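The values are calculated or read from the model by the stated rules, or taken from the named source; none is laboratory data. In this text the structure is predicted, and so the values were computed from the model without any measurement. Reconstructed Cβ throughout: ideal geometry from the backbone, glycine too, with neighbour counts over all protein chains shown. Just so you know, the surface numbers come from the protein's heavy atoms only, side chains and all, with ligands and any DNA or RNA stripped out. Shrake-Rupley method; radii C 1.70, N 1.55, O 1.52, S 1.80 Å.
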Amino acid sequence: MVLVSAVRDYVYRMLQDISGMKVLILDSQTVSIVSVVYSQSELLQKEVFLVELIDSISKSKESMSHLKAVYFLRPTSENIQYMRRQLSNPRFGECHLFFSNMLKDTQIHLLADSDEQEVVQQVQEFYADFISVDPYHFTLNMPSNHYYILPAVVDPSNLQHFCDRAVDGIGAVFLALKRRPIIRYSRASDIAKRIAHETAKLMYQQEIGLFDFRRMEMSPLLLIVDRRDDPVTPLLNQWTYQAMVHELIGIQDNKVDLRSIGKFPKDQQEVVLSSEQDAFFKANMYENFGDIGMNIKRMVDDFQQVAKSNQNIQTIEDMAKFVDNYPEYRKMHGNVSKHVTLVTEMSKIVEERKLMLVSETEQDLACNGGQVAAFEAVTNLLNNESVSDIDRLRLVMLYALRYEKESPVQLMQLFNKLASRSAKYKPGLVQFLLKQAGADKRTGDLYGNRDFLNIARNMARGLKGVENVYTQHQPLLFQTMESIIKGRLRDVDYPYVGNHFQQGRPQEVVIFIIGGTTYEESRSVAQLNASNSGIRFIIGGTAVLNSKRFLKDLEEAQGIARSNANVV
């Protein structure tokens with residue numbers, strides 16, 4: 001509940017004390033921040049009768065002096081300019097300004113100068129500058145997510161903007177949690193080091209008073225890592241409910257847009273998948289695909305029982321009871337059809353793309369040794385007409401990441417076969433991935449074959465057997481969290497920033513992944529939090545990835561690197 005509760009509380013406080021009819025004005029980022037924690041019906045209960053985006057409301061001249069305007073915006077220079085224009089010619093009776101992060105003094109002066117008619121009732125900072133998709137999982141939804149992949153020599157002017165946004169988001173999370181952490185980062189990553197140092201500067205120098213919370217016995221830990229330490233997780237097909245929906249259809253701000261995959265009735269074109277608003281989803285979001293089918297069948301059976309009892313209306317009392325229960329009945333009907341639709345559509349995609357076949361080889365490449373068998377399996381799938389271009393590309397990438405040092409000759413054969421089989425194949429994309437996220441660039445033991453303890457653990461897992469061949473992979477993040485629980489996270493791999501060190505185990509850990517998180521990783525976090533290890537983990541990142549987004553970021557970074565021909 002942590003992050004979702006913090007943001008819900010901020011929104012509640014914004015709306016609760018302002019009586020009367022309100023219009024809520026948001027920007028393209030804060031609309032996501034609010035929509036994942038508050039439903040439209042909840043906003044209506046708070047007398048919000050209109051939700052508008054600041055850029056579209058700027059174009060309208062119509063006076064609405066009977067409404068009170070509640071603005072919730074990121075403190076960007078663009079938003080300050082919009083506000084100045086609106087305050088110089090106000091359309092609303094009152095304006096209440098809330099910003100999702102720290103305002104600069106100059107911005108406050110600009111707003112004050114523009115408010116000649118004194119419509120502004122209050123200006124406050126509410127630190128909800130992140131999108132809390134789940135209780136322990138947040139994202140910053142950064143559109144320019146590909147900057148983290150760029151070689152260090154390429155330093156686009158926007159890279160500073162990228163780092164600033166990450167620091168703002170991390171700062172807001174800790175202000176919302178009312179904590180100041182000890183900071184560590186991934187040694188091999190320049191951008192992780194840069195963001196870690198800038199975050200420390202914010203918390204321990206620039207805004208030392210703001211972050212001066214009551215000292216805890218043990219400071220929380222902020223660990224900043226780089227997606228390139230584990231490029232395998234975002235490349236894999238997923239077989240647990242939430243991760244699978246994102247991989248095959250796509251989830252944006254807890255909403256699934258079904259228009260891209262077929263024709264659906266209007267009320268089903270976009271559906272909400274939120275563990276806060278949907279009890280079935282909350283209970284099943286981490287379940288395997290096979291179990292989901294069984295659980296949905298049970299839900300359909302329950303619904304049919306309710307529907308049957310509703311058909312049996314004989315008296316006035318029955319009718320009154322039906323009318324009373326009708327909203328609940330409609331909600332249940334909507335929920336049943338939503339989950340049935342999602343699982344039906346995903347089953348079609350799995351069949352069409354032969355994903356069970358593909359995924360078995362993917363899991364082998366990620367989890368088990370055996371280069372000869374792997375080469376044969378990947379070659380066979382490249383020759384299989386039913387396998388799609390994107391799946392071929394992912395298989396070759398997974399093989400390349402695993403065996404880049406062991407079998408360069410076979411790797412070249414796979415590159416050539418991929419280029420001849422898949423017209424869409426972008427030449428050099430696999431090589432670019434190896435250059436940016438290959439063995440020499442990674443921190444940590446991705447395949448569990450460098451460190452003696454990891455080799456032993458993998459052998460033990462192999463002997464015990466895996467209950468499901470499709471979900472045997474564990475992200476590197478899981479190992480990192482286990483190391484933190486056991487107090488074994490090596491200083492040499494994850495150095496501290498400044499002279500703030502940690503004695504003993506932290507009780508709260510926020511892991512921020514530059515380059516983006518995956519739902520497979522957020523599942524690992526939820527499972528470890530449920531196991532009562534004595535540590536509460538929160539995961540966040542610059543975006544929420546599926547393989548499509550990861551490959552798109554890779555292509556965009558390759559394009560920029562290519563245009564700087566001296567680099568690649």
Could you tell me whether segment 297-310 includes any residue that is modelled with pLDDT of 90 or more and either under 30 Å from Asn101 (Cβ atoms) or open to solvent by less than 60 Å² (accessible area, probe 1.4 Å) (or both)?
no
List every residue pair whose Cβ atoms lie under 7 Å apart, where the two residues are 6 or more positions apart in sequence or sit on different chains, the first residue falls within segment 293-309 and is under 15 Å from Ser337 (Cβ atoms), and the second residue, located anywhere, is aromatic (Phe, Trp, Tyr) and open to solvent by 50 Å² or more (accessible area, probe 1.4 Å).
Val306/Tyr329
Taking Arg549, is it within 17 Å of Val173 (Cβ to Cβ) and within 22 Å of the chain's Cα centre (by Cα)?
no
Strands (runs of 3 or more DSSP E) wholly inside segment 45-164 containing at least 1 residues that are open to solvent by 70 Å² or more (accessible area, probe 1.4 Å)
48-53, 64-73, 120-125
Looking across segment 515-543 at residues that are among the polar types (S, T, N, Q) and within 25 Å of Ile33 (Cβ to Cβ), the single one that is farthest from the chain's Cα centre (by Cα) is Asn529
If you check Asp278 against the conditions, is it of a type in the set (D, E, K, R), in contact with a helix residue (DSSP H, G or I) (Cβ under 6 Å, 6 or more places away or on another chain), in contact (Cβ under 8 Å) with a residue 12 or more places away in the chain and more than 21 Å from Glu352 (Cβ to Cβ)?
no
Note: among Lys193, Lys178, just one is closer than 30 Å to Tyr286 by Cα, among the charged types (D, E, K, R) and open to solvent by 60 Å² or more (accessible area, probe 1.4 Å), namely Lys178
Taking segment 464-506 and keeping only residues that are surrounded by fewer than 16 Cβ atoms within 10 Å (Cβ to Cβ) and either among the aliphatic types (A, V, I, L, M) or outside the structural domain of Leu202 (by the TED database) (or both), one is left with Lys464, Gly465, Val466, Glu467, Asn468, Val469, Val492
Sort out which residues of segment 509-545 are under 15 Å from Asp229 (Cα atoms) and assigned to a helix (DSSP H, G or I), and write them in order of number.
Glu521
Residues of segment 282-292 that turn out to be open to solvent by 30 Å² or more (accessible area, probe 1.4 Å) and part of a helix (DSSP H, G or I), as a count
5
Hits in segment 342-376 - residues which are under 25 Å from the mean Cα position of the chain (by Cα) and among the acidic types (Asp, Glu):
Glu345, Glu362
Given the conditions (1) within 30 Å of the chain's Cα centre (by Cα); (2) on the phi < 0 side of the Ramachandran plot; (3) at pLDDT 90 or above, every one holds for Asn141 apart from (2)
For segment 326-382, give me each residue that is touching a residue at least 40 places away in the same chain (Cβ under 8 Å), open to solvent by 10 Å² or more (accessible area, probe 1.4 Å), over 28 Å from Arg259 (Cβ atoms) and among the charged types (D, E, K, R).
Glu360
Hits in segment 521-552 (condition: charged (D, E, K, R) and either touching a Gly at 6+ places or on another chain (Cβ under 7 Å) or open to solvent by 20 Å² or more (accessible area, probe 1.4 Å) (or both))
Arg523, Arg536, Lys548, Arg549, Lys552
Which condition number in (1) touching a residue at least 60 places away in the same chain (Cβ under 8 Å); (2) assigned to a helix (DSSP H, G or I) is the one that Gly559 fails?
(1)
Could you grab me the full set of residues in segment 553-568 that are open to solvent by less than 10 Å² (accessible area, probe 1.4 Å) and among the acidic types (Asp, Glu)?
Asp553
Got at least one residue in segment 84-99 being on the phi < 0 side of the Ramachandran plot, of a type in the set (Asp, Glu) and assigned by the TED database to the domain that holds Phe49?
yes
